[in-house]
Amino acid sequence: MRRTPDEIAKMRKAGRVVAEMHARIRDAIRPGVTTLQLDQVGREVIERNGARSNFLGYHGFPAVICASPNHVIVHGIPNDEPLEDGDIVSIDCGAIIQGYHGDAAHTWPVGAIDAEAEKLLRVTEESLWAGISQMRDGNRISDIGHAVQTVAEGAGYSVVREYVGHAIGTAMHEKPEVPNYGPPGKGPKLRVGNVFAVEPMVNLGAKETQVLPDGWGVVTLDGSLSAHFEHSIAITPDGPEVLTVL
Ligand code: MG
Ligand code: MG
C-alpha cells in the first residue's frame, strides 16, 4: 500500500502520540514501579491527545502497552510486580488518530543495569536504525531484515524469527510482513508512500521462543535477556521518515 502525503500526515500525528507515551513512560520507570502503573501513564497520554489505543482489546489484550521485562521478548501483559534495579523492560505501544495507526517499542533500563544488558540495548537499537536506513525507494523488503540481522548477529546475538515487523496504516498490522532476518534483495520493491513498522527482537542467547501460559507473553526458551526496538517509518522521496518521534 502506498499512502498519500495526507495519510502520512495523519500517521505523523498518531506517531507523535506514541512517542509521547514512550517519553512519559520512560520518565516513570524506576525500581519499584509496576508495569500496571506504566500502563496507566500510557492511558493518560492517549486520553489527553484524544487518541484511541490499538493495543487495548486487540484479540482481547487487556492494556494499552505491552510490558516485557528481562527474558520476556514481547507481548507481556502489565502486572503488579514491581520492577527491580538492574532489570530491563521492553515497552511496546501504539495509538490511533483519525483512523491512522502508530506503533513503536523501546527497551529501557531500570535503575543501573550491567554492561552486558547495556550492550544488548545499544546493539538492538543500532540494528533497528540499520534496517531503517534501507528504507529507500527501489530497495527490496528483505534489505531491511538483512541489515538488522547483520548488526545483531555481528555482535554475537540472535534474532527472533517467529515475530516480525509489518506494514501499518488504517490497521496496525498490514501486509507485507517485514522480517528481521534473511538474504538481501528479495521480496517486494520498496516505494515512496510505503509505511512499515520495523521491530527487531534480539536475544542475548539463542533465538528460540516460548509462549507463556497466559497465552500472550513470549519468552526466550533459554531464559536469556531480550530487547525490542520499533519505529513506524514512511518512505519519502528523500528517504525514510520516522513517524514515531516527538
Ligand atoms: Mg509494536
Ligand atoms: Mg509492531
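What follows draws every value from the coordinates through simple rules; no lab data is involved. From a predicted model like this one, the values you see are computed outputs, not experimental measurements. Every residue, glycine as well, gets a Cβ built from its backbone with ideal geometry; the counts of neighbours run over all protein chains shown.
Worth pointing out:
- Normalised contact order of the stretch 5-241, rounded percent, pairs of Cα under 8 Å and 6 or more residues apart: 21
- Each of Leu56, Leu38, Leu246 was scored by other Cβ atoms within 10 Å of its Cβ. Arranged with the fewest first, they read Leu246, Leu56, Leu38.
- Neighbour-count ranking [beta-carbon atoms within 10 angstrom, fewest first] of Ser158, Ser127, Ser232: Ser158, Ser127, Ser232
- Qualifying trypsin sites (Lys or Arg not before Pro) for the stretch 157-246 [loop in DSSP, other Cβ within 10 Å: at most 15]: Arg161, Lys186, Arg191
- Charge dipole of the chain about the Cα centre (unit charges at C-beta), most positive-ward option of Thr244, Val159, Leu212: Thr244
- Which listed pairs, of Lys175/Lys207; Lys10/Lys207; Lys119/Lys189; Lys10/Lys189; Lys13/Lys175, have C-alpha distances above 26 Å, in listed order: Lys10/Lys207; Lys119/Lys189
- Assigned charges on the beta-carbon of Lys, Arg, Asp, Glu; the chain dipole about Cα centre (debye): 1080
- Residues whose amide H falls under 5 Å from that of Asn194, counting only those 5 or more places apart or on a different chain, are Arg3, Ile235, with hydrogens built in the peptide plane.
- Classification of the stretch 1-109 by its C-alpha gyration tensor yields a prolate form. The axis ratio a/c (a ≥ b ≥ c) is 1.5 or more, and a/b outweighs b/c.
- Inter-label distance, nm, simple model (7 Å from Cα along the C-beta direction), Glu116/Asn79: 2.3
- Calculated log₁₀ intensity ratio I(q)/I(0) where the Debye formula runs over C-alpha points of the chain, q = 0.08, 0.09 Å⁻¹: -0.27, -0.34
- Burial ordering of Met135, Met172, Met21, Met201, fewest other beta-carbon atoms within 10 Å first: Met172, Met135, Met21, Met201
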